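Below: one structure, written as structure tokens.
The values are calculated or read from the model by the stated rules, or taken from the named source; none is laboratory data. Bear in mind that the values here come from a model prediction, so they are computed numbers and not experimental data. Here Cβ is always computed from backbone atoms with ideal geometry, including for glycine, and neighbour counts include all displayed protein chains. Only protein heavy atoms, including side chains, enter the accessible area calculation; ligands, DNA and RNA are left aside. Shrake-Rupley method; radii C 1.70, N 1.55, O 1.52, S 1.80 Å.
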Amino acid sequence: MQTIGDVEVAAPSINQSASGHKKTLFQDMQYTRTTIGDGIPTLAVNGSPADCIAVAALGLVEWKPEIVVSGINRGENMGQDLTYSGTVTAALEAAIHGVPAVAVSLSNANADDVEDYRIAAQIVIPIVKKVLFYGLPPFTILSVNVPNVASLEDIKGIRLTRQGVRQYLDEIRRIDDNIVRIEGPPPMGNVDELGTDLWAVHRNYVSVTPVHLDMTAYQLMADLASWDIQLQDNTATTE
């Protein structure tokens, strides 16, 4: 992002994977000001990714930026992953505060290998530039998923996609009395449905999915209207 403009970072001080759109209210959050890289101002927050955006917007940094870029996340965020993802929901929090945002996730990323992220970083630059030029509608973000490939030449292109369908293989493991853990192999999904994020990334395309905060199921509203739901009359009569 430094090739585009001035950069500031706000990030959780500890790993917040699968924290979803968690917003910490009426609880203390510790933060630290530091720098990373070659002196990038950085805010380390003891909270979720969405908390990082919220406290920045509410006064801990000079607001508002031209764009928020969330990620690069270790691992893809496709299908129903979006509701779990701290990376995606940080971008959604930015949209709530009136700033266009892009969430970036890298499939099968190695947390300990910076080089794994270099290609994804290069790919997101033109996407961010387009968002800066054209803008995004209110309460809308772009969720970008990048396949993990050996070289930029292995990327087949960029595809505009919709959310696919994930299949989760979670299992519960009992650790001790009253202690359990959810774990299991990585989620699967239908990679053969044309036009989805899973389909694209599986074929080494970069997936770009527009995501909107309006979660209304409009196609169901007519059916619900036909149900003719009425309040139950619980009025008691006495003589």
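Each row is one residue, and each column tells you yes or no for (1) more than 20 Å from V102 (Cα to Cα); (2) open to solvent by less than 70 Å² (accessible area, probe 1.4 Å).
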{"residue": "S19", "(1), (2)": "no, yes"}
{"residue": "K23", "(1), (2)": "no, no"}
{"residue": "M29", "(1), (2)": "yes, yes"}
{"residue": "W63", "(1), (2)": "no, no"}
{"residue": "G71", "(1), (2)": "no, yes"}
{"residue": "E76", "(1), (2)": "no, yes"}
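Looking at D223, is it more than 28 Å from S19 (Cβ to Cβ), surrounded by 10 or more Cβ atoms within 10 Å (Cβ to Cβ) and free of Cβ contacts under 8 Å to residues at least 60 places away in the same chain? Judged against the criteria, D223 is not a match. Elements of the type strands (runs of 3 or more DSSP E) sitting completely within the range 83-200 and holding at least 2 residues that are among the hydroxyl-bearing types (S, T, Y): these cover 140-146. Residues in the range 201-239 that are of a type outside the set (S, T, Y), modelled with pLDDT of 90 or more, at negative phi and in a loop (DSSP other than H, G, I, E, B): 6 in all.
Residue-wise test of (1) more than 21 Å from N77 (Cα to Cα); (2) not aliphatic (A, V, I, L, M).
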{"site": "V7", "(1), (2)": "yes, no"}
{"site": "P12", "(1), (2)": "no, yes"}
{"site": "A18", "(1), (2)": "no, no"}
{"site": "Q30", "(1), (2)": "yes, yes"}
{"site": "R33", "(1), (2)": "yes, yes"}
{"site": "G37", "(1), (2)": "yes, yes"}
{"site": "P41", "(1), (2)": "yes, yes"}
{"site": "A44", "(1), (2)": "yes, no"}
{"site": "I53", "(1), (2)": "no, no"}
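When E93 is tested against (1) touching a residue at least 60 places away in the same chain (Cβ under 8 Å); (2) open to solvent by 70 Å² or more (accessible area, probe 1.4 Å), only condition (2) is not met.
Restricting attention to the range 135-185, the residues being more than 22 Å from I72 (Cβ to Cβ), over 16 Å from the mean Cα position of the chain (by Cα) and open to solvent by 90 Å² or more (accessible area, probe 1.4 Å) number 12.
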